[in-house]
Amino acid sequence: MPHRTNFLHHLIPASFKINDGQATPSAPASSNPQQKTQSTERQCKMKAATVVGILLIMLGIVGFAMGGFSYKHEKKDVDMGPIQIQHQQTKHVPIPPIVSILALVGGLGLIIVGTRSK
């Protein structure tokens, strides 16, 4: 019977072996626990850099698209026992275009650094 290749073979991590169409974890190349810890820490840092990069890009896009953000604030004018008079204010916080540009560039930089570190 000819050997069949799995079309998902390139998606399975190198730490897995494929036997009879089944992916099973293989023994690690090194049994040194310190190397495993360093590798895991490096992966966590890359993931954090990528996530922060994505958030910065989103902030930059929102800054360009909306020019800022608004929020509502409730303020008490009078508070005399059971009598309370209050009103609601809507405040707008502008995001300068230079901050949006810096967020986009910083986000792209973090994503590039995160992917090159692998």
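Every number in this text was worked out from the coordinates using simple rules, so none of it is lab data. What you are looking at is a predicted structure, and each value in this text was computed from that prediction instead of being measured. With ideal geometry, Cβ positions are generated from the backbone for all residues, glycine too; neighbour counts draw on all protein chains shown.
Quick notes
- FRET efficiency, GLN86 to MET58 (Cβ-Cβ, R0 30 Å, nearest 0.05): 0.30
- Hz values of 3J(HN,Hα) by residue in the stretch 57-68 - Karplus curve (6.51, -1.76, 1.60), Gly and Pro given as x: 5, 4, 4, x, 5, 4, x, 6, 6, 9, x, x
- For MET58, MET80, order by how many other beta-carbon atoms lie within 10 Å, fewest first: MET80, MET58
- Overall, the anisotropy analysis places the stretch 43-93 in the oblate class: the square-rooted eigenvalues a ≥ b ≥ c of its C-alpha gyration tensor yield a/c not less than 1.5, with a/b not exceeding b/c.
- Amide H partners (placed H, <5 Å) of GLY68, local residues excluded: ILE95
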